[in-house]
Amino acid sequence: MRLTRREFALGVAGFGLAGCLPGGGAIPQVARPDPELEPGLRPQPNPAYDQWVAAFKTRAMSQGITQGTLDRAFRGQGFLPGVIERDRNQTEFNRTLEDYIAIVAPEEKVAFGRTAYARQRSALARVEEQYGVPAEIMASFWGVESYFGTKRGKIPVISATSTLAWEGRRGRFFESNLMDALRIVQTGDARPDQLVGSWAGAMGHTQLIPNAYQENAVDFDGDGKRDIWSENPIDAFATTARFVSRAGWKRGAPWGLEVRLPQGYSGPTGRKNRAAVSRFRDLGVRTAQGGSLPDHGSAAVLAPMGVGKPAFLVFHNFNMIMRYNPSENYALAVGYLADRLAGAGPLVGDFGRDKYGLSQEERKALQRGLTRAGFDAGTPDGVFGKKTEAAIRAYQAAKGLAVSGEPSRALLDALG
Ligand code: CA
């Protein structure tokens, strides 16, 4: 699996299964558009998509999917323009590491996560014992993917994967996932109405795409079902651990750690520029706390926002996290949150000021100031998205200023 599987924009969150009937039974379960979903995430007319679906169904039947499965799975499903929009705007690739961590691992989430982690610790220990993936790494996937099970997404998977398969940018990948979603329905692992998740078809506590489910799903608690959809996350933990283990996770080795680069560091950086830890030691790289670097084999220095801002030494297992999502920011956030869940403190390095000359605290103050002045800037998280930009524009227009939508120190001072 090489692609992202989930909704990072945090805009489409909630309990996917709320209100559905227990058990399979004889009652036909029809996927109904959730009234809380925005219009772009409810089926829209699109004759070209309908044509594609008709042709797809023929291909599906040639691969053993029955007419009955197709009828049940596609009932109430359709073209979702909103998922195409999301596919083109993936947070983990478009954000700086500082913003990305502020979005997926803010302090209040670390605190919430430590409680959730404590509750699942014995289950996670059993999964770790079997697959060798540390409990805190699995808990971190759980946190980043679904806010510890509380935000699993509620976009219908058949609609989402068929829309993206039709759209075609990664058509084969999504068609393959659509096919596996139909197999899930056909084998009875889940009912069509249970198949809800992110914009990219990722489901459950750890946001598994249908391909990953088919290849790795485990009935870890032994209740006879490979169930990543229930409230109990243990099968999802085991399935994710199996995925990461098969990718090549090295038991007993860390993902990496935060480091301190010497001033003016000009040694190798970037994931492709690997070297022995002894080389980085010789170049003056230390742990963030100032200690000697641990040696877990060949490593790379990552300084995603430049030398002088937080930097990391990453080992083999970092690349195994990236198999879950091929974004360095994603893998750094998973490693960082895992460490925090296990008791570590915040990053030692300072992200400093952004291109507007503002620190994260100043960006938060600016957001609070805008909201206080009557221009809703959204959650004061220090991350400037569309809502903050709109608030700045509205403020600038109301004050007769040039409308740029961009933050500045002058704006912060005016609102302070
Ligand atoms: Ca089970």
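The values are calculated or read from the model by the stated rules, or taken from the named source; none is laboratory data. The structure displayed is predicted, hence computed values, not measured ones. Glycine gets a Cβ as well: all are built from the backbone with ideal geometry, and neighbour counts include every protein chain shown.
Quick notes on this structure:
- Restricting the range 365-395 to residues that are in a helix (DSSP H, G or I) and within 18 Å of residue 100 (Cα to Cα), the residue that is modelled with the lowest pLDDT: 386
- Scanning the range 209-236 for residues that are farther than 19 Å from residue 142 by Cβ and in a loop (DSSP other than H, G, I, E, B) gives 222, 223, 224, 225.
- For residue 213: the one exception among (1) within 14 Å of the ligand (Cβ to nearest atom); (2) over 22 Å from residue 56 (Cβ atoms); (3) within 23 Å of the chain's Cα centre (by Cα); (4) of a type outside the set (A, V, I, L, M): (2)
- Residue selected from the range 242-265 under the condition in a loop (DSSP other than H, G, I, E, B) and among the hydrophobic types (A, V, I, L, M, F, W, C), by the criterion nearest to the ligand (Cβ to nearest atom): 249
- Among the residues of the range 396-415, those identified as out of contact with any helix residue (DSSP H, G or I) (no Cβ under 6 Å at 6 or more places or on another chain) and either outside any helix (DSSP H, G or I) or surrounded by 17 or more Cβ atoms within 10 Å (Cβ to Cβ) (or both) are 396, 399, 400, 401, 402, 404, 406, 408, 411.
- Residue among 269, 239, 206 that alone is within 26 Å of residue 315 (Cβ to Cβ), part of a loop (DSSP other than H, G, I, E, B) and within 16 Å of the ligand (Cβ to nearest atom): 206
- Screening the range 175-203 for residues that are part of a loop (DSSP other than H, G, I, E, B) and closer than 24 Å to residue 79 by Cβ and picking the one that is farthest from the ligand (Cβ to nearest atom) gives 199.
- Look at (1) touching a residue at least 24 places away in the same chain (Cβ under 8 Å); (2) surrounded by 15 or more Cβ atoms within 10 Å (Cβ to Cβ); (3) closer than 30 Å to residue 307 by Cβ; (4) not polar (S, T, N, Q) and you find that residue 348 fails only one, number (2).
- Entry remark, the range 304-330: residues being within 16 Å of residue 240 (Cβ to Cβ) and of a type in the set (Lys, Arg) number 1 in total.
- Odd one out for residue 122 among (1) under 20 Å from the mean Cα position of the chain (by Cα); (2) of a type in the set (S, T, N, Q); (3) assigned to a helix (DSSP H, G or I): (1)
- Only one entry in 104, 144 is crowded, with 24+ Cβ neighbours inside 10 Å, closer than 19 Å to residue 242 by Cβ, under 20 Å from the mean Cα position of the chain (by Cα) and not acidic (Asp, Glu), namely 144.
For every residue, the table says whether it meets (1) farther than 30 Å from residue 359 by Cα; (2) among the aromatic types (Phe, Trp, Tyr).
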| residue | (1), (2) |
| --- | --- |
| 36 | yes, no |
| 48 | yes, no |
| 52 | yes, yes |
| 76 | yes, no |
| 89 | no, no |
| 113 | no, no |
| 121 | yes, no |
| 138 | yes, no |
| 146 | no, no |
